[in-house]
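Let me begin by presenting the structure, written as structure tokens, before commenting on it.
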Amino acid sequence: MSKYIDRFASHFIAINYHGFHNVNAALDCVHSVLRSAKGLNGQVAITFFHHCDRPASPKLASQLKNLDVPLACFPESSNGEALNLQLNQVEEYDFFYRVDADDLVSLGRFQWQSEWFSKTDCDICGGGLIYRNTSTEAEYPVTPSQHPGVLDYLFNRYFLHPTLAFRFSSFSRVSLRYGKQRLEDKGLALSAYKAGLTVQNDRRIYGTYNLDPNARSGRLLARRDHSYNLAFIRASHSFWALPIAYALFAASLLIGREQLRQIRKALIRLSP
């Protein structure tokens, strides 16, 4: 039976901003959030979380005030710590929606996600994205599997982190939070799997993701990614995937994450 969501459900939308984000891009994001949030029924709260050791710029602060979007300022921290701080603000709400301040939200995203929670038993819901390379401005769609499995986890397609929404009662029940280290989303997915939470992805496009092709590169992150992959294989008893995990690790050391993204795109196009 589905965990029914009624028209009086409450929704918390957290816009996640760090000091390296562009102010104009962040304001574009806020406008897209406000347009999309009109599709939600029930109580809706939107907060702009400014995680930076510097004060919010006068332009950002004044525009948010004009748009009636609360500004919450906190010191710079790891992304996992920032997201946990946001989650800790929403205990009285039914659903939490994550938005990264340098991305854009599709007009129907929040309504689609709310409807997805109403018709399924999922605890975590994600969606598809248009990936936009910030260096080349090339764009391409990425649509995760509706029911992600071990291969989706290994290829970093278990869910697309800027699209995530959580059924907050499920998170509270198992005290689930992000890790403090990088690749916090892979850590969250592993913890959710171990806790028995259900992940489903809506394959519609939920927004545009501005991708820095040089982000999350380097040997340290490659090793951390590999350790998460091995942990997921152990947790799911999918030992047949070990050769794939080791091949991916070797490839990440030799050719880098952006090249791996290009290979992943090609494999997705060739898949049935």
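The values are calculated or read from the model by the stated rules, or taken from the named source; none is laboratory data. Note that the structure is predicted; figures quoted are calculated from it, not measured. Virtual Cβ from ideal backbone geometry, glycine too; neighbours counted across all protein chains shown. These area figures cover heavy atoms from the full protein model, side chains too; ligands, DNA and RNA do not enter into them. Shrake-Rupley method; radii C 1.70, N 1.55, O 1.52, S 1.80 Å.
Assorted remarks:
- Single match in Asp225, Asp185, Asp212 (criterion: surrounded by 20 or more Cβ atoms within 10 Å (Cβ to Cβ), within 22 Å of Cys29 (Cα to Cα) and among the acidic types (Asp, Glu)): Asp185
- Residue within the range 169-180 that is in contact with a strand residue (DSSP E or B) (Cβ under 9 Å, 6 or more places away or on another chain) and either modelled with pLDDT of 95 or more or of a type in the set (D, E, K, R) (or both) present: no
- For the range 188-199, residues that are open to solvent by 20 Å² or more (accessible area, probe 1.4 Å), under 16 Å from Asp152 (Cβ atoms) and assigned to a loop (DSSP other than H, G, I, E, B) total 1.
- Within the range 116-165, considering residues that are over 23 Å from Gln86 (Cβ atoms) and of a type in the set (D, E, K, R), the one nearest to the chain's Cα centre (by Cα): Arg157
- Any hit, the range 161-177, residues being open to solvent by 60 Å² or more (accessible area, probe 1.4 Å) and part of a loop (DSSP other than H, G, I, E, B): yes
- When the range 41-71 is filtered for residues that are at pLDDT 95 or above, assigned to a loop (DSSP other than H, G, I, E, B) and of a type in the set (A, V, I, L, M, F, W, C), the ones remaining, listed by number, are Leu67, Val69.
- Filtered by the rule that a residue be buried (at least 16 other Cβ atoms within 10 Å of the Cβ), modelled with pLDDT of 90 or more and part of a helix (DSSP H, G or I), the range 232-250 gives Phe232, Ile233, Ala241, Ile244, Ala245, Phe249.
For (1) of a type outside the set (Gly, Ala, Ser); (2) free of Cβ contacts under 8 Å to residues at least 40 places away in the same chain; (3) in contact with a Lys or Arg (Cβ under 9 Å, 6 or more places away or on another chain), each residue gets a yes or a no:
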site: Cys52; (1), (2), (3): yes, yes, no
site: Gly80; (1), (2), (3): no, no, yes
site: Glu91; (1), (2), (3): yes, no, no
site: Gly108; (1), (2), (3): no, no, yes
site: Ser118; (1), (2), (3): no, no, yes
